[in-house]
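Reviewing the structure listed below.
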Amino acid sequence: MIRLDEYNTLLYSFLFMEVFDIANNKDNLINDQIKCREMLVIGPNGEQLGVKSKKDALTIAGYAGFDLVLMSENSNPPVCKIMDYNRFKYEKKKKTKEAQKRQRELAVDIKEFRLSVTIDKHDFDTRVNNARKALVRGDKVKASIRFKGRQIAHPELAQEVLVKFRESLSDIAEVEIEPRMEGRSIYMQLTPKK
């Protein structure tokens, strides 16, 4: 059994840790952390309560059972809102996670496959199979050929390899960027069919 004084000590230490955590959080200043003398106060339901002194705003927030949160320090006068700060932090964190999740879902990887003008049939088939797997996953595929030495004098050979690569994947991919020269290399980009 926990004695009453031990229970109170634990409760106070927990409350101190929570208040300390809120005080160290630099996102928004709350209650007594706010340094402004006067501020525009917005009520818990979004209604404007007008310009109030810090003492009056804290009193109103206390009667409502909420916190006074500084929303915009740079405006004239500063804007504070009466709200449940813990719920505000929770919803803000939740929105951030959802935005990151959406960003990850929308991000499409581009897998690059290097070919050569003198590529062997087995190596070519391996690259086609790997590109097929990437396209099935929903990734884009970039096929590139870097010219070595005097190979640059015959770009039509590289064009033939890229056309053969495109035809091998024509059942699941369509060309997004046609073969084009860029310096000493030629590349094309394929995207999954929809």
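Listing for the model above:
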| quantity | calculated |
| --- | --- |
| Residue in the stretch 145-159 that is of a type in the set (G, A, S) and surrounded by 18 or more Cβ atoms within 10 Å (Cβ to Cβ) present | yes |
| Subset of the stretch 52-94 (residues that are surrounded by fewer than 13 Cβ atoms within 10 Å (Cβ to Cβ) and not in a helix (DSSP H, G or I)) | G65, N74, S75, N76 |
| R127 being modelled with pLDDT of 90 or more, buried (at least 16 other Cβ atoms within 10 Å of the Cβ) and either assigned to a loop (DSSP other than H, G, I, E, B) or basic (K, R) (or both) | yes |
| Tally, over the stretch 160-194, of residues that are surrounded by fewer than 14 Cβ atoms within 10 Å (Cβ to Cβ), part of a helix (DSSP H, G or I) and either touching a strand residue (DSSP E or B) at 6+ places or on another chain (Cβ under 7 Å) or not assigned by TED's automatic domain parsing to the domain that holds I119 (or both) | 0 |
| Test: residue in the stretch 150-158 that is part of a loop (DSSP other than H, G, I, E, B), on the phi < 0 side of the Ramachandran plot and over 34 Å from the mean Cα position of the chain (by Cα) | yes |
| Residue in the stretch 95-110 that is surrounded by the fewest Cβ atoms within 10 Å (Cβ to Cβ), counting only those that are closer than 17 Å to L190 by Cα and modelled with pLDDT of 75 or more | D109 |
| Where a residue in the stretch 170-192 is hydrophobic (A, V, I, L, M, F, W, C) and its partner, wherever it lies, is surrounded by fewer than 14 Cβ atoms within 10 Å (Cβ to Cβ), with Cβ under 6 Å and at least six apart | I172/K193; M188/I177 |
| Residues of the stretch 118-136 satisfying the condition of being charged (D, E, K, R) and without any contact (Cβ under 8 Å) to a residue 24 or more places away in the chain | D120, K121, D123, D125, K133 |
| Members of the stretch 87-107 that are among the aromatic types (F, W, Y) and touching a residue at least 12 places away in the same chain (Cβ under 8 Å) | F88 |
| Flag if F113 is in a strand (DSSP E or B) and not β-branched (V, I, T) | yes |
| Filter result for E112 (in the same structural domain as A143 (by TED's automatic domain parsing) and either small (G, A, S) or out of contact with any Asp or Glu (no Cβ under 9 Å at 6 or more places or on another chain) (or both)) | yes |
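The values are calculated or read from the model by the stated rules, or taken from the named source; none is laboratory data. Predicted model only: the values in this text are computed from it and were never measured. Here Cβ is always computed from backbone atoms with ideal geometry, including for glycine, and neighbour counts include all displayed protein chains.
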